[in-house]
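As structure tokens, the structure follows; a few thoughts come after it.
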Amino acid sequence: MMDLYRRRRLRNQVVISLSFAATVFGLGWLALILGRLVIEGAGGLSLKVFTEMTPPPGSDGGLLNPIVGSLIITVLAVLIGTPVGILAGTYMAEYGRYSRLTQVVRFINDILLSAPSILIGLFIYEVMVAPMGHFSGVAGAVALAMLVIPVVVRTTEDMLQLVPKELREAASALGMPLAYVIRKVSYRAARAGIVTGVLLAVARISGETAPLLFTALNNQFFSANLNAPMASLPAVIFQFALSPYRDWQRLAWTGALIITLAVLALSIVARALASSRKMS
Amino acid sequence: MVDVALRGAAPAELAAASRARILGRLRLTDTVFRNLTRLAAICVLVILAGVMLSLFRASLPAISAFGLGFLVEQVWNPVTERFGALAPIYGTIITSFIAMAIAVPIGLLITLFLTELCPMWLRRPIGIAIELLAGIPSVIYGIWGLFVFAPFLQRTLQPALIDIFGPVPILSSVFAGPPYGIGVLTAGLILAIMVLPFITSVSRDVFEAVPPVLKEAAYGLGCTTWEVMRYVVLPYTRVGVIGGIMLALGRALGETMAVTFVIGNAHRVSPSLLAPGTTISATIANEFTEAVGDLYTSALIALGLILFVITFSVLAVARYLLLRIERRIG
């Protein structure tokens, strides 16, 4: 009897210590990666990074063209993807909440949410780059927009579902048509949540590399021409990190630090926004 | 519309006409908006169908050239234009398998810590920190893996594995060869770190949905924390946990950049986990822009189609399982 008791306690203690260890293990990676990123990247962080072009190997330079390229592509992707995402989420939560179409779309959207982004790159290559005959910034933006849509659809639907139906009923009772109820009541009530979704989508795409490789490609020079290949921070990191040149590798680390800080800041802001909503 | 009713000064017919006009306009707006939103929803379906169709169409040349033999052929030779997908498929599966073998137990243990053991005030910060691992872009894992993690493994873990398993008959070929640093094992380990947060966040959601009364009853009978976990929480949430694992598996199978940096891009099937290999996504990322010739491009896209079929099936099963548990929890 005592033996069984001791064995059960022992087993419990082993599992508990393992679970402590696992948590330390998980947090350890975060610390190791971020720490190394700061050590390697911060050294190269200077004003020059934001004012000079990517250099040829062996000389000095910065990351101005990929930073600008990334900003252009990201903004464009959000401009294309957000309206589609919000409208689709609106249909699912407001018009067709119980329809068959909504169930199918929700299922497919959830799959798209975690589908490999490199396949989206191949898709856009097939439908845009190959027919146009050349790589272009706009193709990169469309590829990233395909990744924005599922994130925005999901959060918009979730947030609109949270809007109390009494609000809608009250508005409808005043004689408002549904389109007005949605725009004047539901959207306003869910605004913070929808903005959170957009921020999360931006965080998701700003580090994406794979879909850009075959769409926007890369560009050694400054270019704001959407119809031409365009540099982007992730693509430059990929190219520079795998190069044998020490100064290119250093720039890659600096770029990596910039992206990570931006992405983490975005996701923390989004989280804060979401939780402030939940409490109110 | 309230305005319309108040504008009583106008003659009755006029008021009725303008009322009808306004109502008509409202009805039109409503119809337009409604159809616009439906169109956007259909758009989501079109994206998936588009991905599938365009991949299929573009891989037709490769399919007609190699047939089903493409799946089991190991040769990958752009010069003679002979292509087979065996090495990338093998690499994709084996790296994901390593990742899941490590991430599943560790992820569940972290969830156990977060839901049962951790003091309340620490739960949020630790939960967020683990989820931040998912927020780090994969290219960052790649550069870190290449410059920090791979050299570290080359100096420590890999020589140790070779020493320990060298004399053991079968395992000696699994851990054979010089420690390159990069290779299948390194890619699998990095994938494990990357998918950890997905397992943790899904299983945390389903663990927290277990009715407290069930756990309290078990504790009341004198069960230990581990026994409550093993005999109450896990059986209750099994479907959801499996769904979360499949979701993470879907991620691991399709992950591109991190793997591309550290796997070594070698088109061969080697029994050794320490040898360089390749995965489907890494092959595409490395070779697509440099591919010359229609057949080469088509073979790469055919690889993409295979990846699509694999991940789509895994993710569909994952979503189906999660949907089932969602319904049960309500």
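Along the positive direction of the dipole of the protein assembly as shown (beta-carbon charges: Lys, Arg +1; Asp, Glu -1; about the Cα centre), which of A:Met53, B:Thr260, B:Gly250 reaches farthest?
Value computed over the given set: B:Gly250.
Which of the chymotrypsin sites (Phe, Trp or Tyr not before Pro) found in the stretch B:34-74 are in a DSSP loop and have at most 13 neighbouring Cβ atoms, other than their own, within 10 Å?
When the chymotrypsin sites (Phe, Trp or Tyr not before Pro) of the stretch B:34-74 are filtered for loop state and at most 13 Cβ neighbours within 10 Å, nothing remains.
With a 1.4 Å probe on protein heavy atoms only, work out how much accessible surface B and A bury together, total over both chains, in Å² to the nearest 100.
When B and A are taken together, about 7400 Å² of accessible area is lost.
Which value results when the Cα radius of gyration for the stretch B:90-234 is divided by 2.2 N^0.38 Å?
Relative to the rule-of-thumb radius for its length, the stretch B:90-234 sits at 1.30.
Residue by residue through A:9-15, how many Cβ atoms from other chains fall within 10 Å of the Cβ on average? Mind dumping the intermediate values first?
Working: counts 2, 1, 4, 7, 3, 1, 9.
Other-chain Cβ atoms within 10 Å of each residue's Cβ, averaged: 4.
Please name the residues of the stretch B:49-70 whose accessible area, counted over protein heavy atoms with a 1.4 angstrom probe, falls by no less than 30 Å² between the chain alone and the full protein assembly.
Those are B:Val51, B:Ser54, B:Leu55, which lose 30 Å² or more relative to the chain on its own.
What number comes out for accessible area per residue over the protein assembly as shown if the probe is 1.4 Å? Units Å², please.
Averaged over the residues of the protein assembly as shown, the accessible area is 44 Å².
Using alpha carbons only, how many degrees (0 to 90, rounded to 10) separate the axis of helix B:86-112 from the longest principal axis of chain B?
Its long axis makes an angle of about 70 degrees.
Need one number: convex hull volume per residue for the stretch A:134-176, Cα atoms only, in Å³.
In the stretch A:134-176, the Cα hull volume divided by residue count equals 76 Å³.
Tell me the mean residue ellipticity at 222 nm calculated for chain B from its helices only (DSSP H runs of n ≥ 4, each -39500 (n - 2.57), averaged over every residue, nearest 500).
Only helices count here, giving -24000 deg cm²/dmol.
Which residues' amide hydrogens lie under 5 Å from the amide hydrogen of B:Arg82, considering only partners 5 or more residues apart or on another chain, with H built in the peptide plane?
Correct list: B:Asn77.
Sticking to Cα atoms, compute the Rg of the stretch B:153-202 to one decimal and its Dmax as the biggest Cα-Cα distance, whole number, in Å.
Reported Rg and Dmax, both Å: 13.5, 41.
Can you give the average number of partner chain beta-carbon atoms within 10 Å of each beta-carbon in peptide B:107-119, as a whole number? Before the final figure, lay out the partial values.
Numbers: counts 2, 2, 11, 9, 3, 7, 9, 2, 0, 2, 5, 3, 0.
Mean number of neighbouring Cβ atoms from other chains: 4.
Looking only at other chains, what is the average number of their beta-carbon atoms within 10 angstrom of each beta-carbon in A:208-220?
3
Hey, what number do you get for chain A at 222 nm if only DSSP H runs of n ≥ 4 count, each worth -39500 (n - 2.57), divided across all residues, to the nearest 500?
Estimated from H runs of four or more residues: -23500 deg cm²/dmol.
Going by a 1.4 Å probe on protein heavy atoms, which residues of the stretch A:257-273 end up with at least 40 Å² less accessible surface in the whole assembly than in their chain alone?
Buried on complex formation: A:Leu264, A:Arg271.
For chain B, what is the relative contact order in percent, using Cα pairs closer than 8 Å and at least 6 residues apart in sequence?
Relative contact order of chain B: 25 percent.
Quick one: among A:Ser17, A:Ser232, A:Ser70, which has the greatest mean-square fluctuation in a GNM of chain A with alpha-carbon springs under 10 angstrom?
Largest GNM mean-square fluctuation: A:Ser17.
Which of B:Thr92, B:Gly50, B:Ala65 sits closest to the plus end of the dipole of the stretch B:21-97, meaning its Cα is farthest towards the positive end, when Lys and Arg get +1 and Asp and Glu get -1 on the C-beta?
Positive-end residue among those listed: B:Gly50.
So what is the diffusion coefficient of the stretch B:25-128 in µm² per second by Stokes-Einstein at 4 °C and 1.567 mPa s, using a Kirkwood Rh over Cα pairs?
Roughly 66 µm²/s, to the nearest whole number.
Quick one: longest stretch of chain B between exposed loop GluC sites (Glu not before Pro), exposed meaning at most 16 other C-beta atoms within 10 Å and loop per DSSP?
Between exposed loop sites, the widest span is B:82-330.
Could you work out what % of the accessible surface of chain B is carbon and sulfur, using a 1.4 angstrom probe and leaving DNA, RNA and ligands out of the count?
After summing per-atom areas, the C and S share lands at 68 percent.
Would you mind pulling out the separation of the Cα centroids of the stretch B:308-327 and the stretch A:195-249, in Å?
Between the Cα centre of the stretch B:308-327 and that of the stretch A:195-249, the gap is 31 Å.
Given the convex hull of the Cα atoms of the stretch B:15-79, what is a quarter of its surface area in nm²?
Over all viewing directions, the stretch B:15-79 projects a mean Cα-hull area of 7.2 nm².
Sorted from largest down, give the three principal axis spans of the alpha carbons of the stretch B:70-139, whole angstrom values.
That gives 63, 23, 11 Å along the principal axes, largest extent first.
Based on the Cβ-Cβ distance of B:Phe56 and A:Ala192, what FRET efficiency does E = 1/(1 + (r/R0)^6) give at R0 = 35 Å, to the nearest 0.05?
Computed FRET efficiency for B:Phe56 and A:Ala192 comes out at 0.25.
Suppose we keep just the alpha-carbon trace of the stretch B:183-330; what are its Rg and Dmax in angstrom?
20.2, 70
Report the local net charge at A:Gly44: Lys and Arg +1, Asp and Glu -1, summed over other residues whose C-beta lies under 10 Å from its C-beta.
0
Tell me, what is the FRET efficiency for A:Leu45 and A:Ala265 to the nearest 0.05, using R0 = 22 angstrom and their Cβ-Cβ distance as r?
On the way: r = 15 Å, r/R0 = 0.69.
Using R0 = 22 Å, I get an efficiency of 0.90.
To one decimal place, what orientation-averaged projected area in nm² is obtained for the convex hull of the Cα set of the stretch A:162-280? Intermediate results must be reported in sequence, preceding the final value.
Values: hull surface 42.3 nm².
Quarter of the Cα hull surface area: 10.6 nm².
Give me the Å³ per residue figure for the convex hull around the C-alpha atoms of the stretch A:1-78.
Dividing the Cα hull volume of the stretch A:1-78 by its residue count gives 156 Å³.
One-quarter of the Cα convex hull surface for the protein assembly as shown, in nm²? Spell out each step's value before the answer.
Details: hull surface 138.9 nm².
For the protein assembly as shown, averaging the hull's shadow over all directions gives 34.7 nm².
Calculated FRET efficiency, A:Val14 and B:Ala101, Cβ-Cβ r, R0 22 Å, to nearest 0.05?
Once rounded, the FRET efficiency stands at 0.65.
May I ask for the Kirkwood hydrodynamic radius of chain A, worked out over all distinct Cα pairs and given in angstroms to one decimal?
21.6 Å
In Å, the Kirkwood hydrodynamic radius of the stretch A:25-129 over pairs of distinct alpha carbons? The partial results should precede the final answer.
Details: mean 1/r = 0.0546 Å⁻¹.
In the stretch A:25-129 this quantity evaluates to 18.3 Å.
Where in chain A are the DSSP H helices whose alpha-carbon span along the long axis reaches 18 Å or more and whose Kyte-Doolittle mean is at least 0.0?
A:2-42, A:64-90, A:100-114, A:137-162, A:191-206, A:246-279
Give me the dipole magnitude in Debye, nearest 20, for the stretch A:1-131 about the Cα centre, with unit charges on the beta carbon: positive for Lys and Arg, negative for Asp and Glu.
It works out to roughly 1020 debye.
Rg and Dmax of the stretch B:150-249, using alpha carbons, in Å: what are they?
Rg, Dmax (Cα atoms, Å): 19.9, 55.
Counting pairs of alpha carbon atoms under 8 Å apart in space and at least six apart in sequence, what relative contact order in percent does the stretch B:151-238 give?
22 percent
Just need the Rg to Rh number for the stretch A:113-208, please, alpha carbons only, Kirkwood Rh.
Using only Cα positions, Rg/Rh for the stretch A:113-208 is 1.17.
State the dimensionless ratio Rg/Rh of chain B (Rg: radius of gyration of Cα atoms; Rh: Kirkwood radius).
Working: Rg = 27.4 Å, Rh = 23.7 Å.
My calculation puts Rg/Rh at 1.16.
What part of the accessible area of the stretch A:1-76, given as a whole %, is carbon or sulfur when the probe is 1.4 angstrom?
Carbon and sulfur together cover 71 percent of it.
Just flag the chymotrypsin sites (Phe, Trp or Tyr not before Pro) in the stretch A:17-109 sitting in loop per DSSP whose Cβ has no more than 16 other Cβ atoms within 10 Å. Before the final figure, lay out the partial values.
On the way: sites: A:Phe20, A:Phe25, A:Trp29, A:Phe50, A:Tyr91, A:Tyr95, A:Tyr98, A:Phe107; in loops: A:Tyr98.
Passing both the DSSP loop test and the Cβ count: A:Tyr98.
Quick one: which of A:262-275, B:272-285 comes out on top by average Cβ neighbours within 10 Å, and what's the full order, highest first?
Packing proxy ranking, top to bottom: B:272-285, A:262-275.
The values are calculated or read from the model by the stated rules, or taken from the named source; none is laboratory data. Quick caveat: nothing in here was measured; it's all calculated off a predicted structure. Positions of Cβ are generated from backbone atoms using ideal geometry, with glycine treated the same way; all protein chains shown enter the neighbour counts. When the accessible area is computed, the model is the full protein with side chains, heavy atoms only, and any ligands, DNA or RNA have been set aside. Shrake-Rupley method; radii C 1.70, N 1.55, O 1.52, S 1.80 Å.
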